[in-house]
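Student: The structure under discussion is supplied below as structure tokens; questions concerning it will follow.
Nothing in this text is a laboratory measurement; each read-out follows from the coordinates by a stated rule. Note that the coordinates shown come from a computational prediction; the quantities given were computed from them, not determined experimentally. Here the Cβ positions follow ideal geometry from the backbone for every residue, glycine too, while neighbour counts run over all protein chains shown.
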Amino acid sequence: MHVTKEFKKKTFLKQFLLGLHVSNSISNPISIEQRKNSIKLSADLAMAFARGRTHWTHALITKLGQKEENKSTLKGILGRRYQILMARYSCPLLYQKVQRRKKGVRSYRFSYNAQKRRSALKGSCVRVSPSVVARNLENRRSKVLKRLVPGGELLKGSSLLSEVLDYVISLKAQVDMMKSLWRATQVSSSSNVELIPKCSIAKEGSFLHYSK
Amino acid sequence: MTTSRSSITEAEINELISKLHALLPEARRRGTHRASAAKLLKETCSYIKSLHREVDDLSDRLSYLISSMDVTTSQAEIIRSLLR
């Protein structure tokens with residue numbers, strides 16, 4: 001785990017900075033809201049790229065790439081690879097399946113609640129056996145979980161668990177990275193920034209070029 | 001549950017569950033087998049939600065900070081933190 005986290009830090013920062021750079025050059029963000037959205041987008045993309053190829057990273061990139069406002073930023077970051085990646089990741093059929101399943105969930109929940117109400121009215125909870133209740137509760141919770149994790153709706157059981165585990169670890173790492181970034185920028189904004197020599201900025205600027 | 005799908009053993013599922021359990025912010029860690037599956041799932045859901053909120057909050061703060069300073073200098077600072 002430690003090795004992957006080390007890779008993740010550098011890759012994350014590189015991607016995050018690239019994302020910020022691209023979104024700044026594309027549109028001079030007028031409002032703080034726009035800048036916040038571009039930061040969030042860059043952070044999520046950076047997290048997905050830093051992790052590599054898993055189910056949830058694919059789903060996340062697909063989800064982000066389908067929103068109109070994100071497309072130009074994504075194109076800027078990925079360059080030539082944009083077309084290839086979007087073609088590979090996006091699959092409209094998958095989302096249709098998900099929509100159909102969502103309808104199923106609502107009707108299931110309704111019948112479950114109706115059943116509980118009926119048994120409560122009759123004054124006895126014995127109608128629904130405890131194992132069934134436990135399983136229903138578990139199903140309900142896992143459905144919530146599936147909605148939280150990108151691409152989770154399509155997974156079951158242990159694969160869902162391993163995806164959740166992976167996603168939680170990456171989220172935690174993302175939060176930690178952003179916290180340290182914030183601390184760094186906070187410190188710099190209070191200190192005298194003119195001390196940075198111009199030549200070092202030029203050197204660091206070349207660092208931002210997207211490289212495989 | 002269909003048995004044909006469970007090519008992964010029970011032991012591996014238990015391992016995943018215990019790993020997840022170890023990750024969650026342990027305000028109350030009393031014994032390894034205390035957490036039922038439903039409770040674990042519930043705690044995981046709330047943890048993920050709180051992480052999302054943190055990311056939101058951090059990007060808010062970063063946007064205020066970055067907008068108040070020149071972009072090149074902020075990038076320089078970020079790279080400095082990378083090299084630390």
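Student: Could you calculate the FRET efficiency of A:R183 with A:S27 from 1/(1 + (r/R0)^6), where r is the beta carbon distance between them and R0 is 25 Å, rounded to 0.05?
Tutor: The formula returns an efficiency of 0.35 here.
Student: Still on this structure, I have one more. Rounded to the nearest 0.05, what FRET efficiency is calculated for B:I13 and B:K49 with R0 set to 22 Å and r the Cβ-Cβ distance?
Tutor: The formula returns an efficiency of 0.40 here.
Student: Can you give the average number of partner chain beta-carbon atoms within 10 Å of each beta-carbon in peptide B:13-24, as a whole number?
Tutor: The shielding value for this peptide is 3.
Student: Further question: Dipole of the range A:137-180 (Lys/Arg Cβ +1, Asp/Glu Cβ -1, origin at the Cα centre): which of A:L171, A:L148, A:L137 lies farthest to the positive side?
Tutor: A:L137
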